[in-house]
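Since every read-out is calculated from the coordinates, none of them should be taken as a lab result. Note that the structure is a prediction, hence the values are computed from the model and not measured. Don't worry about glycine lacking a Cβ; one is built from the backbone with ideal geometry, like all the others, and counts go over all protein chains shown.
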Amino acid sequence: MITFNKISKVYSKESAALHDVSLKIPTGDFVSIVGQSGAGKSTMLKLISAQERPSEGMIVIDGWDITKIRRWQIPHLRRQIGVVFQDFKLLPKRTAFENIAFAMEVGGAPTREVRATVPHILKLVNLAERANAYPDELSGGEKQRIAIARALAYKPQILIADEPTGNLDALHSWDIVQLLIKINKLGTTVLLATHNDEIVNALKKRVVTLNDGKVVSDKKSGTYKL
Amino acid sequence: MIGVSFFRILRAAGNNFLRNVWLSIATTVIMTITLLIVMFLFFANVFGLEVINNIQQKIDLSATFMTEASEEQMSKVVRNMEQRPDVRAVQFVSSDEALKIFRERNIDKPYIEESLAELGKNPLPASMFIVATAPEYYEDIARYLGDDQFGEVIEEVSYEDSRDMIQRLISIISTIKNAGFIITIVFAGLVILIMFNTVRLAIYSFREEIDIMHLVGASRWFIRGPFVIESMLVAILSVIITTGIIYPLLNGIAPELQRYFLEGYAQQEGFNIYAYAVQEWPTVLGLQLAVALGLAIISSLIAIQRYLNS
Ligand SMILES: Nc1ncnc2c1ncn2[C@@H]1O[C@H](COP(=O)(O)OP(=O)(O)O)[C@@H](O)[C@H]1O
Ligand SMILES: [Mg+2]
């Protein structure tokens, strides 16, 4: 369960990126966060992964109040939260396999476990045969699937994806969304920030709409119109 | 798990070193020079004190007795001297003993024996050697012995005033120390500056990895460790190189130093700076490690603090 309690986030004095947002996301949910560019979607996700701190309010994740999380505690939080970005953020000099292994290794996973787990995850994202390819040799959709695979390396309870289809064509976008649904079915809470209305409408899952930093609608099986 | 992490951090540190290999080499060279200066100061200090100590031991005051002086007169003077609070020890050498010592010393020179035989009697006077409790008392003691009251007993008082020389030595040593200290500080600053930039460059060339490490929840130690350890590797490498330079060097110059500065002073086994360095290796190594690791850790932590906290 992720709880936002009266969250405000002010970057600079003139405007608030988020304003008085309250929200509850039960474990296992699939939530799309939609809204125009600048509405505050990324900010919301960054607050969850403690890349940013709220200016006001309280954030609780699975009973853990992370509002004033200490720096040394952040790694513990991040290992429970997989993150995926529009620009993939893969290491160009490492293969698909190595990119995933790197994430596990820096988290301290034993080499044996890394060797056993990475092929598993690659299979999960349907890229087992591309294990030794470098990011340059992969399509956008494949890159994003590797990025998702990396996010899954720790078996996180939560996966946050910030415009994961932003750089992809419709076909590849749909691939990614299918993958996110699959991951959600395996029990992971998925938060998807997007402004792709086609995807949102096809998903038929919970939709939270942000506008100017405020929640303007929160529907169980929502739609989104630009 | 800690073992695995440590090995990975070590590997990452090695990668850092190689990725900016020229900068790493430059850092190692400057660090080595700094350590050499520190070592020079250390050994100059040890050696200087040893030289002073030797000269101090060597200051002695001796008085030769008149050939006519009786045993009684002489032992009275000796006792008189022994009672003085500024006198630590008095050694009386009778004229027979003096001859014996003289013969022993010149055992390899047959002509000495011949001329002694020709002379028919012992030409050597009895004498006494006086050791004062502190160097500054010698003058007083010498003046006292030169007094008229001993005129019939004491032939000659001789003492060499080495206080000037000691004073000069002490001031030379302290000059070396001060200059060395300043040079050390300059070089230490240089080490910190260069190392700081090495680490900064390493952080820069690993920024993508670091970003991802942050995102996937790598521990702070795992992110910082390689940069600190890379600096420590440079430090240890410098210590190894420095040690590899100083020991053969000391071994080479020790006999020269001994001949030049300590010849004639040392009564027993002479002071050998190389032997000292071998015997005191924990101090020598410890001092180097403390300086090298200290500089490495300080500079890398500053760089990390500045460039790795976002
Ligand atoms: N680091 C930042 N510093 C200052 N302003 C920011 C920062 N990040 C986002 N903002 C501002 O906050 C608002 C919300 O941004 P963001 O959360 O990125 O929106 P979205 O992801 O919905 O496009 C925008 O007005 C944006 O300009
Ligand atoms: Mg955004």
Kirkwood hydrodynamic radius of the range B:59-162, Cα pairs, Å: 14.7 Å
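Fewest Cβ neighbours within 10 Å first, please rank A:K89, A:K68 accordingly. Please report the intermediate quantities before stating the final value.
Values: A:K89 17, A:K68 10.
Lowest to highest Cβ neighbour count: A:K68, A:K89.
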Once you put a point 7 Å from the Cα of A:K13 and another 7 Å from the Cα of A:W72, both along the Cβ direction, what distance in nm separates them? 3.6 nm
Output row, site B:W281, 7 Å Cα→C-beta label point, backbone N cut-off 20 Å, window the range B:212-244, residues B:236-244
If you count, for each residue, the other Cβ atoms within 10 Å and average over each peptide, how do B:295-304, B:168-177, B:84-93 line up from highest to lowest? B:295-304, B:84-93, B:168-177
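What does the net charge come to around B:R79 if you take all other residues with beta carbon closer than 13 Å to its beta carbon, with K and R at +1 and D and E at -1? Provide the component values of the computation, followed by the final result.
Working: positive: B:K76, B:R84; negative: B:E71, B:E72, B:E82.
Within the 13 Å Cβ shell, the charges total -1.
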Taking θ = phi - 60°, what integer Hz values does the Karplus form 6.51 cos²θ - 1.76 cosθ + 1.60 yield along the range B:300-305, in sequence order, with x for Gly and Pro? 6, 5, 5, 4, 5, 4
Given contacts defined as C-alpha pairs under 8 Å and at least six residues apart, what's the relative contact order of chain A, whole-number percent? 28 percent
Show me, for the range A:44-57, the HN-Hα J-couplings you get by feeding each phi into the Karplus relation (A = 6.51, B = -1.76, C = 1.60, θ = phi - 60°), rounded to Hz, glycine and proline as x. 4, 5, 5, 5, 5, 8, 6, 6, 10, 10, x, 7, 8, x
From the phi of every residue in the range A:84-91, what ³J(HN,Hα) in whole Hz does the Karplus formula 6.51 cos²θ - 1.76 cosθ + 1.60 yield, where θ is phi - 60° and glycine or proline is x? 9, 10, 4, 9, 6, 6, 8, 7
Sorting A:Y154, B:Y247 on the 10 Å Cβ count, fewest up front, what's the list? B:Y247, A:Y154
Acute angle (nearest 10 degrees) that the helix A:170-185 long axis makes with the longest principal axis of chain A, alpha-carbon atoms: 80 degrees
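For the peptides A:128-136, B:33-41, what is the packing order when you average, over each peptide's residues, the other Cβ atoms within 10 Å and list the highest mean first?
Packing proxy ranking, top to bottom: B:33-41, A:128-136.
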Just to confirm the number: angle between the C-alpha axis of helix A:96-106 and the first principal axis of chain A, 0 to 90 degrees, nearest 10? 70 degrees
Would you mind checking the tilt of helix B:71-83 against the longest principal axis of the Cα atoms of chain B, expressed as 0 to 90 degrees and rounded to 10? 30 degrees
Sequence-distant or interchain residues sharing an amide H contact under 5 Å with A:L18, placed H: which? A:K9
Between B:A126 and residues 5 or more places away or on another chain, the pairs with built amide H atoms under 5 Å apart involve B:F65, B:S95
Average beta carbon contacts from partner chains per residue of A:45-53, 10 Å cutoff: 1
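What is the average number of partner chain Cβ atoms found within 10 Å of a Cβ in A:72-82?
The mean count of partner-chain Cβ atoms within 10 Å per residue comes to 3.
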Using only alpha carbon pairs under 8 Å that are at least six residues apart, calculate the relative contact order of chain B and give it in whole percent. 31 percent
5 angstrom amide H check on B:E156, placed H, neighbours 5+ away: B:T64
Where is the GNM fluctuation largest for chain B (alpha-carbon springs, 10 angstrom cutoff): B:L250, B:L18, B:L293? B:L18
Length gain on complete extension for the stretch B:K100 to B:I182, per 0.36 nm per residue less the alpha carbon to alpha carbon distance? 24.1 nm
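How crowded by other chains is A:98-109, given as the mean number of beta carbons from other chains within 10 Å of each beta carbon? Write out the running numbers ahead of the final one.
Values: counts 0, 1, 0, 0, 5, 6, 1, 9, 15, 8, 10, 3.
Per-residue shielding by partner chains comes out at 5.
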